[in-house]
Amino acid sequence: MPTYKEALNVHEDYALNNDKEPSAIRLLMLHISGYSGADFLSHQDEPMDEAKYLKFRKMVDEYVIAHRPVQHITECETFYGYRFCVNHHVLIPRFETEELVGYLLDLSETYFTKTDTPLHLLDVGTGSGCLAITLALENPRIKAQATEISPAALDVAKRNADSLQADVLFHEGNLLDPVLGQTFDILVSNPPYIPNKEVLDPLVKDHEPHLALFGGEDGLDFYRAILKDAERILNPRYIIAFEHAYDKARELKKLCKKYLSDVCIIQKKDMQGKDRMTFVLKKG
Ligand code: GLN
């Protein structure tokens, strides 16, 4: 049997020769080996056992030949250092969304300074649960609830909350509907934001749920629907945090001003320099 390193090198080349990402092969190898990044280096010259090698080969072909996303093959993705289960019912958590979490954690600490009071947070369209679960785990003041229209996605989110031991209250239903009658300090959402007619990479279009991807003709339908009712479920002093498409910052700012008055709007770029996040702050 080849060593871990030999098997990795050969299959990274195999991916490259087929116009696929060698970094994906490394992820598959780490998954199969069961070692974390640093441990892998100290074991890489050991021979693989046959069962692991055969499983690795099979997974490589699912990626290179069958064009499945790596995260669907391993059934997991790391988000903000936590391991989330994913499948074809949920959007695979993205790096950009980790940045939304980071900014929102900082903002909520500086905006709600009475540190002994809970912060009631709502995640709208939670998918895998990555936003609500991570925010609840990272700040014990946060009492998180989340809504999701897809029962199959909600199932994934609940399993993730269980395995990560996060205390999140999940509701099945559309956008804000399940929580009308309650009030929150923070509303966070990464809603489906791709315009319906946009041409997508087949790796995304053929595998990730369209319900989680497409946001109407201009991609802004869900922001409109959320903003229209947002103040019904928000306390007088609040934060709204949205992720959005790189080319929609100006339009989204306009929408926020249309539906909300006396608010301060802060827009941030992601690590790739693309407009990606909008925060709305109301003094109350
Ligand atoms: N909130 C989830 C995420 O950030 C799901 C987003 C979605 O389905 N559009 O990954």
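Residues 270, 221, ordered by accessible area of protein heavy atoms at a 1.4 angstrom probe radius and largest first, appear as 221, 270.
Full extension of the chain segment joining residue 162 with residue 174 gains 2.0 nm, where the gain is 0.36 nm per residue of separation less the Cα-Cα distance.
Give me the tail of P(r) for region 92-248 as a percent: Cα-Cα pairs with distance above 26 Å. Provide the component values of the computation, followed by the final result.
Details: 2739 of 12246 pairs.
Percent of Cα pairs beyond 26 Å in region 92-248: 22.
In plain terms, if you count all Cα to Cα distances in region 91-132 and split them into 5 Å steps from zero, the share in each step is 5, 20, 25, 24, 15, 9, 3 percent. As a test, work out the antiparallel percent of DSSP beta bridges whose residues both lie in the chain, rounded to the nearest 5. So the antiparallel bridges in the chain amount to around 45 percent. Residue 88 sits with roughly 110 Å² accessible to a 1.4 Å probe, with DNA, RNA and ligands left out of the calculation.
All C-alpha pair distances within region 226-284, sorted into 10 Å bins from zero, spread as 23, 55, 20, 2 percent across the bins.
Two decimals, Cα atoms only, Kirkwood Rh: what is Rg/Rh over the chain?
My calculation of the ratio gives 1.02.
Given region 10-157, report the % of alpha carbon pairs whose separation exceeds 18 Å.
Tail of the P(r) past 18 Å holds 65 percent of the pairs.
Among 83, 26, the sequence by solvent-accessible area, most first, with a 1.4 Å probe is 83, 26. Diagonalising the gyration tensor over the Cα atoms of region 42-91 and scaling each eigenvalue by 5 before taking the square root yields semi-axes of 23, 17, 8 Å, largest first.
The values are calculated or read from the model by the stated rules, or taken from the named source; none is laboratory data. Everything numeric here is computed off the predicted structure, so don't read it as measured data. SASA here: full protein model, heavy atoms, side chains in, ligands and nucleic acids out. Shrake-Rupley method; radii C 1.70, N 1.55, O 1.52, S 1.80 Å.
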